[in-house]
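To start, the structure under review is shown below, and the notes come after it.
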Amino acid sequence: MITYEREREELADKLSEKGITDIYVLKAIREVERHIFVPKAMKHHAYADVALPLGYGQTISQPYTVALMTQSLGLKSSGRVLEIGTGSGYQGAILEKMGMDVFSIERNMDIYLMTRKLLDSLGLRIHTKCGDGTIGWDEFAPYDGIIVTAGSPSVPESLKKQLKTGAKLVIPVGNKNSQILKIITKLSDTEFDTHDVPEFSFVPLIGREGWNRK
Ligand code: SAH
């Protein structure tokens with residue numbers, strides 16, 4: 001069986017060269033088997049630093065983007081994190097491997113079921129639900145960090161509300177083709193500090209506080 005261990009090492013080295021400095025993130029990149037999360041036909045591209053199709057018109061984000069978003073949460077190795085857009089489960093697995101308590105929402109039922117099965121087979125402790133993540137997951141709020149892995153027209157108010165004071169929301173905001181990654185720190189219930197990182201291209205976030213369904 002191919003374990004791709006060397007490929008993971010090389011990927012972590014490449015991400016480090018590209019500016020990822022968080023040792024907890026790099027360790028998780030070395031440990032999580034991305035080839036298990038990508039479609040069979042894509043396995044030998046699993047450790048290239050590129051986004052890959054995961055089926056249903058959706059994509060598994062580029063490793064650099066996953067690493068940057070995770071690093072941007074500034075959490076090191078513990079905390080309760082909400083992810084919007086479970087997709088393949090890879091981003092969730094990175095967070096879980098780092099020691100986070102992960103809650104993840106996926107709106108597409110087929111993707112939700114496929115990934116839930118995979119997470120169970122891997123024994124990963126990630127809480128998932130199928131629904132509209134633009135309104136967050138109130139039941140388990142507030143969160144130490146929120147990561148949105150689809151591009152949004154604006155920042156959903158519900159997600160700002162469900163963030164702890166001092167915590168960060170990482171979300172791509174823009175049009176359907178290109179977005180700026182916004183790293184938003186909640187200073188108080190009404191004050192937020194925003195840092196922008198250009199320029200990304202995520203699949204659209206569809207929902208009540210996202211893009212309307214076509
Ligand atoms: N984090 C994923 C990336 C998946 S791509 C990974 O690591 O593979 C983005 C995902 O967001 C898609 O699966 C899409 O169906 C989902 N999505 C889009 N709008 C959503 C919404 N409002 N709530 C939850 N998921 C949503």
* Can you list the lysines whose alpha carbon sits under 27 Å from that of Lys186, skipping same-chain ones fewer than 8 residues off? -> Lys76, Lys97, Lys129, Lys160, Lys161, Lys164, Lys168, Lys176
* Step through the residues of region 198-212 one at a time and calculate ³J(HN,Hα) from phi using the Karplus curve (6.51 cos²θ - 1.76 cosθ + 1.60, θ = phi - 60°), rounding each to whole Hz and writing x for Gly and Pro. => x, 9, 10, 9, 9, 5, x, 7, 10, x, 4, 10, x, 7, 5
* Structure fact -> Karplus-derived 3J(HN,Hα) from phi for region 49-54 (6.51 cos²θ - 1.76 cosθ + 1.60, θ = phi - 60°), whole Hz, x at Gly and Pro, runs 7, 9, 6, 10, x, 10
* To do: Please give the FRET efficiency for Asp189 paired with Asn212, using the beta carbon to beta carbon distance and R0 = 25 Å, rounded to the nearest 0.05.
  => 0.30
* Under 16 Å from the Glu157 label point (7 Å along Cα→beta-carbon), backbone N, region 176-191 -> 189-191
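Which order do the peptides 196-203, 162-169 come out in when sorted by mean C-beta neighbours inside 10 angstrom, highest first? List each step's numbers first, then the result.
Working: 196-203: 15.4, 162-169: 19.1.
Taking the mean over residues of other Cβ atoms within 10 Å, the ranking is 162-169, 196-203.
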* **Calculated on alpha-carbon atoms, Rg and Dmax of the chain in Å** => 15.9, 53
* Asked: Sorted by packing (mean other beta-carbon atoms within 10 Å per residue), highest first, where do 67-78, 106-117 land?
  -> 67-78, 106-117
* To do: Sticking with the crude label model, points 7 Å out along Cα→Cβ, report the distance from Lys176 to Asp138 in nm, one decimal please.
  => 3.0
* Structure fact -> So, with points 7 Å from each Cα along the Cβ direction, the Leu122-Glu199 label distance in nm works out to 3.2
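Excluding Arg6 itself, what net charge comes from residues whose Cβ is under 12 Å from its Cβ, given Lys and Arg +1 and Asp and Glu -1? Write out the running numbers ahead of the final one.
Details: positive: Arg8, Arg30; negative: Glu5, Glu7, Glu9, Glu10, Asp13.
Every neighbour counted, the sum reads -3.
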* To do: Set the Förster radius R0 to 30 Å, insert the Cβ-Cβ distance between Ile2 and Met109 as r into 1/(1 + (r/R0)^6), and round the FRET efficiency to 0.05.
  => 0.40
* **aspartates and glutamates whose Cα lies under 19 Å from that of Lys43, excluding same-chain neighbours fewer than 8 positions away** => Glu5, Glu7, Glu9, Glu10, Glu31, Glu33
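Quick note: the coordinates plus some simple rules give every number you see, no bench work behind them. These numbers were taken from a predicted model, which means no experiment stands behind them. Virtual Cβ from ideal backbone geometry, glycine too; neighbours counted across all protein chains shown.
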